[in-house]
Amino acid sequence: YGSVTGKGQLKDGGGNSSDETTLHLIPISIGIAYNFDVLAIRWNIPLVPYVKLGIDYSIWIVTDGLGSITSDSDSGTDGSGDTWGWHTSVGLKILLDTFAPDMAQSFDIEAGVNNSYIFAELLYADISDFGSSRSWDVGALTGLFGLAFEF
């Protein structure tokens with residue numbers, strides 16, 4: 001979930017309104033991933049490159065300063081809808097189990113965590129109803145990093 005708040009635009013094109021408006025996004029995605037972990041498994045090299053590919057669905061809602069969904073009575077449209085798209089990413093994980101194998105084994109037995117990683121990923125999402133000119137484009141190119149656990 002994400003949201004951003006700003007000033008609304010006047011209908012006549014005369015600039016910003018004094019009212020605030022908020023865009024709410026609820027992203028949903030499903031995908032597949034491939035981890036090239038043969039280096040870590042066979043030769044104890046802790047680098048695990050990976051790729052992902054998937055389908056995305058984003059629900060969007062635009063609200064006015066009172067929290068009501070916006071609408072345009074002239075065109076008959078309201079400020080809510082959905083947008084389909086796709087995503088792909090590439091990344092690199094560093095297998096932390098290699099650096100503390102005894103701790104990793106205890107973590108697996110006590111908490112069920114098979115592997116722990118730190119990772120960096122470059123994600124490209126094209127969420128624009130597959131290039132439709134009549135749709136919002138709510139995709140982006142994003143860099144991610146963090147800690148990952150494999151159960």
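The values are calculated or read from the model by the stated rules, or taken from the named source; none is laboratory data. Note that the structure is predicted; figures quoted are calculated from it, not measured. Note that we place each Cβ from the backbone using ideal geometry, even for glycine, and neighbour counts take in every protein chain shown. Each accessible area value is taken on the protein alone, full model and side chains, heavy atoms only, with ligands, DNA and RNA left out. Shrake-Rupley method; radii C 1.70, N 1.55, O 1.52, S 1.80 Å.
So in the stretch 1-43, with the set limited to residues that are assigned to a loop (DSSP other than H, G, I, E, B) and over 30 Å from F99 (Cα atoms), which one is most open to solvent (accessible area, probe 1.4 Å)?
My answer is Y1.
Which one of these does I55 not meet: (1) buried (at least 16 other Cβ atoms within 10 Å of the Cβ); (2) among the aliphatic types (A, V, I, L, M); (3) over 23 Å from G6 (Cα atoms)?
With respect to (1) buried (at least 16 other Cβ atoms within 10 Å of the Cβ); (2) among the aliphatic types (A, V, I, L, M); (3) over 23 Å from G6 (Cα atoms), I55 is out only on (1).
Give me the residue from the stretch 65-83 that is open to solvent by 50 Å² or more (accessible area, probe 1.4 Å) and among the polar types (S, T, N, Q) and, out of that set, modelled with the highest pLDDT.
S68
Give the stretch 125-147 a look and list any residue that's at pLDDT below 95 and not in a loop (DSSP other than H, G, I, E, B), or say none.
Hit for the stretch 125-147 is A140, nothing else.
Exactly one of these conditions fails for L122: (1) open to solvent by less than 60 Å² (accessible area, probe 1.4 Å); (2) outside any helix (DSSP H, G or I). Give me its number.
(1)
Taking the stretch 109-119 as the region of interest, how many residues are under 28 Å from the mean Cα position of the chain (by Cα) and open to solvent by 60 Å² or more (accessible area, probe 1.4 Å)?
Number of matching residues: 2.
Tell me the residue from P101, P46 that is more than 29 Å from D126 (Cβ to Cβ) and either among the hydroxyl-bearing types (S, T, Y) or touching a residue at least 40 places away in the same chain (Cβ under 8 Å) (or both), please.
Just a single option satisfies the conditions, and that option is P46.
Scan the stretch 93-108 and give yes if some residue there is out of contact with any helix residue (DSSP H, G or I) (no Cβ under 9 Å at 6 or more places or on another chain), under 24 Å from S58 (Cα atoms) and open to solvent by less than 80 Å² (accessible area, probe 1.4 Å), otherwise no.
no
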